[in-house]
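Have a look at the structure below before the remarks.
The values are calculated or read from the model by the stated rules, or taken from the named source; none is laboratory data. Note that this is a predicted model, so its numbers are computed, not measured. Note that we place each Cβ from the backbone using ideal geometry, even for glycine, and neighbour counts take in every protein chain shown. Note: areas computed on protein heavy atoms with side chains; ligands, DNA, RNA excluded. Shrake-Rupley method; radii C 1.70, N 1.55, O 1.52, S 1.80 Å.
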Amino acid sequence: STPTLGNEVNPSGDSSTYKMNANVGANVDVSFTYQVITGLTPSVAHSYSVFAKNGGYDELKVLVDDGASLSNNAQATFNLNDGSITSIQANGTFSGTTAKAEDFGNGWYRCTVSSVISSTGATRTRIYNSDSTITVGDGTKGAYLYGAQFEELSYATSLIPTYGTPRTRLQDSVNGAGTVS
């Protein structure tokens, strides 16, 4: 796939959005993004999320695997037209897989897959086109993507914009009045 600056206003209000287009003639069931992550705590829940918008493909698959075999993974497929979840799977050594799609307006959905990850080694995160009506890329259709985030929790927290530099957030604290600061 080929990333291009999409100039599409994302949920944060800026246009630092990329459109991932499947290359001409390429099989469309290929990953738009691929990242290897090491040093994870095994046997605890992790979540991988991304903001996505239809850019010609109706569906998007979010997948995390154990870095050794695609048969050990957690994945979910999201409909980018209405935010519905069309499939959720836990395969091999992954368990407790859940998925969530949150509507952020203007066609944007935050697509999250969460699962207990068994790996102590490298883990791979991937975002795939998963449109069953398109078989080969045309170089223009794809999906708008923004703010992919991987974290050691059973749910996705608010986006921590990093712009290429690792960041952490301050710890939330709840007071007796029930407000969060």
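Observations
- Sole residue being over 13 Å from the mean Cα position of the chain (by Cα), open to solvent by less than 60 Å² (accessible area, probe 1.4 Å) and at pLDDT below 80, chosen from 25, 13, 105, 56: 25
- Subset of segment 28-53 [surrounded by 16 or more Cβ atoms within 10 Å (Cβ to Cβ) and at pLDDT 75 or above]: 37, 40, 45, 46, 47, 48, 49, 50, 51, 52, 53
- Scanning segment 65-87 for residues that are among the aliphatic types (A, V, I, L, M) and surrounded by 15 or more Cβ atoms within 10 Å (Cβ to Cβ) yields 74, 76, 80, 85.
- Taking the criterion of being under 23 Å from residue 11 (Cβ atoms) and buried (at least 18 other Cβ atoms within 10 Å of the Cβ), the residues of segment 88-100 that qualify are 99, 100.
- The conditions of being more than 14 Å from the chain's Cα centre (by Cα) and either at pLDDT 95 or above or among the acidic types (Asp, Glu) (or both) are not met by residue 65.
- Against the test of being surrounded by 11 or more Cβ atoms within 10 Å (Cβ to Cβ), touching a strand residue (DSSP E or B) at 6+ places or on another chain (Cβ under 6 Å) and modelled with pLDDT of 85 or more, the options 157, 123, 112 yield a single qualifying residue, 112.
- Qualifying positions in segment 77-92 - modelled with pLDDT under 90 and over 14 Å from residue 113 (Cβ atoms): 92
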